[in-house]
1. What FRET efficiency do you get for ALA195 and GLN41 if R0 is 45 Å and r is their Cβ-Cβ distance, rounded to the nearest 0.05?
2. Based on the Cβ-Cβ distance from SER95 to THR207, what FRET efficiency comes out when R0 is 35 Å, to the nearest 0.05?
3. Per residue of the stretch 112-125, in order, report the coupling 6.51 cos²θ - 1.76 cosθ + 1.60 (Karplus, θ = phi - 60°) as ³J(HN,Hα) in whole Hz, putting x for Gly and Pro.
4. Go through the stretch 162-178 residue by residue and turn each phi into a ³J(HN,Hα) via Karplus (6.51, -1.76, 1.60, θ = phi - 60°); whole Hz please, and just put x for glycine and proline.
5. Quick check on the chain: of the DSSP beta bridges with both residues there, what percent are antiparallel, nearest 5%?
6. Return the long-range amide H neighbours of ARG171 (sequence gap of 5 or more, or a different chain), with a cut-off of under 5 Å between placed amide H atoms.
7. Tell me which residues come under 5 Å, amide H to amide H, from CYS143 once H is placed; ignore anything under 5 positions away on its chain.
8. Could you pull out every residue, at least 5 positions away or on a different chain, whose amide H is within less than 5 Å of the one on ILE50? Hs are placed 1.01 Å off N in the peptide plane, and Pro or chain starts have none.
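Bear in mind that the values in this text are calculations on the coordinates, not laboratory data. Not measured: the values here are computed from a predicted model. Neighbour counts are summed over all protein chains in view; Cβ atoms, including those assigned to glycine, are modelled from backbone coordinates with ideal geometry.
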Amino acid sequence: MLKTAVVTGASRGIGAAVTRELAAQGYQVAGIYQRSDAAMQVLSQECGVIPFAADLGNPDAIAPLTEQLLARMGHINLLVHNAGISCHGLFQTISPEQSRRLYAVNVTAVIELTRALLPVMLARHSGNIICIASMWGEVGASCEVDYSVTKGALLAFVKALAKEVGPSGIRVNAVSPGTIQTDMTAVLGTQTLEALAEETALCRLGTPEEVAHAVCFLASERAAYITGQDLAVNGGLL
Ligand code: NAP
């Protein structure tokens, strides 16, 4: 039977790299994105990903999205929660709306999409869920307090859910990237990025493909005895 994967935030950066690599490994991939129609069209032509546009920050979007995904894919072997947003600034300067949006996209969408898709994995007694967290969820970042909390929440989610669904044949893991060259980090500017690169043991930033390799390892049978774990892909920054 065809292996299927759902990847959120598939249009750019880490999600696009994960989508390409899963497609190369024979997965039929459903790619969720918000606005980047043109990028998804290109990716679809390149690797056959099926695009689904939805605003994951809108809780009302989850039910119709789930319905569309299940109608098109039938079953789901792998769910990669990659879509995420960041927000920079001193903690007290972040507005309630910025904070609400951050938690909605980075945490609530992950929890609710998992809750909605889990029954099809439970029914087959098999499945694989991978959350893209962050090194800031592990150690915390100044000027990214809310973001760090959202990513720390994902790490707790992974550990708890892995215990609950392990007996049902479902594995749940996290990948925590360091600084990866994508649109999300481009806003930091060259000087900051150079400083972050210097702080890594490997003296450079990471690529989206390097994160994708870790995701594909955790998705594979080679990781069959790994669940509830957080795999750091940070070039030795910490
Ligand atoms: P990115 O280049 O900014 O891409 C973000 C992706 O998420 C895009 O596909 C975007 O879709 C999608 N997305 C954002 N908000 C969405 C929403 N409300 N609904 C649906 N899709 C939405 O980000 P990235 O750097 O690849 O990061 C991917 C993940 O890795 C994020 O969870 C991020 O927190 C995490 N991470 C990144 C780094 C890093 O250094 N880059 C480090 C640690 C963790 P559109 O293109 O349609 O907007």
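1. 0.80
2. It comes to 0.60.
3. These are the phi-based 3J(HN,Hα) values: 6, 5, 5, 4, 6, 9, 4, x, 6, 6, 4, 5, 9, 6 Hz.
4. 4, 5, 6, 9, x, x, 9, x, 10, 9, 9, 9, 10, 10, 10, x, x
5. Of the beta bridges lying entirely in the chain, close to 0 percent run antiparallel.
6. Hits under the 5 Å cutoff: GLY127, ASN128, ILE129.
7. Correct list: PHE91.
8. For ILE50, the qualifying residues are VAL29, ALA30, GLY31.
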